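> Take a look at the following structure, please.
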Amino acid sequence: MSVAQALPSSSAALTATTTSSTSTMQPPIIQSNNSHHHGSVGSNQQPPSSSVMPVSPRSASTPPTGIPQQYHHHEGMMPRKSYCCEDFELGEQIGEGAYSRVVLATFKPTGKQYALKIIKKQLILKENKTKTVKMEKQVLNMMDHDNVIKLFCTFQDANNLYFALEYAPGGELYSYIKNYGPFSLEATQFYTAEIVNAMEYMHTLGIIHRDLKDFGTAKITAEEEVTVGESPLKAKKGTFCGTVQYVSPEILKDEDCTEAADLWALGCIVYQMLTATHPFKAESEYLIFQKILKREFEFTDDFPYVARDFVDKLLQLDAPKRLGVGPYGYKELKAHPFFDGIDFNNLKNQTPPSIVPFADLNAIELEDKQDDFDEPNPYIVEKLNEKWSLFLLKNESIVYTRKVVKRRRLTAKKRQLILTDWPRLMYIDYENMVVKGFVPLSKTLKIIKKSDNNMILRTPGRDYIIEDVKGCVDRWSYWIEKMISEKLGTN
């Protein structure tokens, strides 16, 4: 589906699935003549382990001694004794998790497509996940909301359990941020409102999501709706569930998990929509956790004030103080000025705001944009590869590049330093477009940081003294070490 053909309808939702995600949100209308995006529930990108947590007595269940036997049709479906694999024509794999895979399946009687999640019995028994899978089905059966993706049916055979879920062919919402950059304030308000409606519904049922992460699990349906799906796991102190950058402080401290944990994650999501990066960033999970516990993050200068106040009130270390917690709950949250002009009761009938891709940035602006992302951004990489294609080998791609000053003895030369995925580290006279040399990459290379702007690349035969005027020595160190580790090995 071409993203330029997005339809004007909307809704957002949260659903529960176990080892692969099922989620939908109304996709943006992309102002682009060239871009095509295809995706589905449970995309080829491996989803993280999931963690919806039912806390209502309605969703409680006793641990089964074996695989549940009554895996039949979903309540509210057309009456039928049971379904089986023969009722579906199985197609390509569109997702994979620790205990399951998801394939595109066509229901033969109607021709309708579903995302068929196939869960291996042997694995869930071995890992003692039977209760989790049963709880997942219970949660899916509990929910009846326009913004929640539908469970069509469940069944089993000798080797597998099967969940036939509504198929969302539009792709992952996160990919829109990844490929097109930050959202406008208007778009952020709209999509946040969709997520809030879905969160409010789930919290009303007593379900805490615990992994309401960024849009890695958000999928887009043909009707341009968004759902977010993860699996139901019972709350347990000392058990970490969730995505690293969005986990709340109380979970890290092994405290009781409440709806406030989802509101913390919502603050992270809004921040990401407006900046295309995470609020809590560091080089390791441990350092990310430390930043979360200390609430160490910064707003960019151009971060909208009304959104700044909204995010600030969500990212409170003290869970009871978060916006949306307390006696007024979601009523207070929805009344925040961030949502001025939003009609929460009529979102589905509204045309979603357009999302404008990265503007035509010059090379320096593109280089600066690199630091907004934890991984190389495909759009930026493509443009940088085009600019420096003269110096790249076949199938070689830029990982990181910046203008630097290369010093040697009494001379200082302006150079373009380019790190590629082969890996190669070359420095170029960008005024004359000539390669001046290479820094030999090996496991013996040492990166000596002198300051945020200065580093020494020490090789067995020579020191390379580099000045990065933008103060990106840490990023250089990260990417060089990453390439050496991944491509050359560390042993």
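Only the coordinates and a few stated rules stand behind these numbers; no lab work does. Given the structure is predicted, the values throughout are model-derived calculations rather than measurements. No Cβ is skipped: glycine too gets one built from the backbone with ideal geometry, and neighbour counts run over all protein chains shown.
> Where does the charge balance sit around ASP452 when Lys and Arg score +1, Asp and Glu -1, over other residues with C-beta under 12 Å from its C-beta?
Residues close to ASP452 contribute a combined charge of +1.
> Please work out the FRET efficiency for the pair GLU382 and THR411, using the Cβ-Cβ distance as r and a Förster radius of 22 Å; give the result to the nearest 0.05.
Efficiency computed from Cβ-Cβ geometry: 0.05.
> Can you figure out the FRET efficiency of ALA282 with ASN345, using R₀ = 45 Å and their beta-carbon distance, to the nearest 0.05?
0.65
> When Lys and Arg each count +1 and Asp and Glu each count -1, what net charge do the other residues less than 12 Å away from PRO353, Cβ to Cβ, add up to?
Residues near PRO353 contribute -2 overall.
> Just want the ordering: TYR286, TYR167, TYR201, TYR191, from fewest to most Cβ atoms lying within 10 Å of their own Cβ.
The most exposed by this proxy come first: TYR286, TYR201, TYR167, TYR191.
> Based only on other Cβ atoms within 10 Å, what is the fewest-to-most ordering of PHE297, PHE163?
PHE297, PHE163
> Follow-up question, since we're still on this one. Once amide H atoms are built 1.01 Å from N in the peptide plane, which residues 5 or more positions from GLY95, or in another chain, come under 5 Å H to H?
So GLY95 has HN proximity to VAL102.
> Whole Å is fine, so just give me how far the alpha carbon centre of the range 399-467 lies from that of the range 298-321.
39 Å
> Let me ask something additional. Where a ≥ b ≥ c are the square roots of the eigenvalues of the C-alpha gyration tensor, would you call the range 363-488 rounded, which needs a/c under 1.5, or, failing that, prolate if a/b is larger than b/c, or oblate?
Rounded shape, in that the Cα axes give a/c under 1.5.
> Return, ordered by residue number, the residues of the range 94-116 whose backbone nitrogen is under 16 Å from a label point located 7 Å along Cα→Cβ of CYS84.
What the label zone holds, given the 16 Å backbone N cut-off, is 108-109.
> Here's a follow-up. For LYS108, what charge total do you get from the other residues with a beta carbon under 9 Å from its beta carbon, if Lys and Arg give +1 and Asp and Glu give -1?
Summing Lys and Arg as +1 and Asp and Glu as -1 gives -3.
> For a footprinting-style exposure proxy, rank LEU263, LEU488, LEU419 by other Cβ within 10 Å, fewest first.
LEU488, LEU419, LEU263
> Follow-up question, since we're still on this one. Mind listing which GluC sites (Glu not before Pro) in the range 388-491 are in a DSSP loop and have 12 or fewer other Cβ atoms within 10 Å?
GLU431
> Considering Cα pairs under 8 angstrom that are at least six residues apart, work out the relative contact order of the range 363-488 and quote it in whole percent.
Relative contact order for the range 363-488 comes out at 18 percent.
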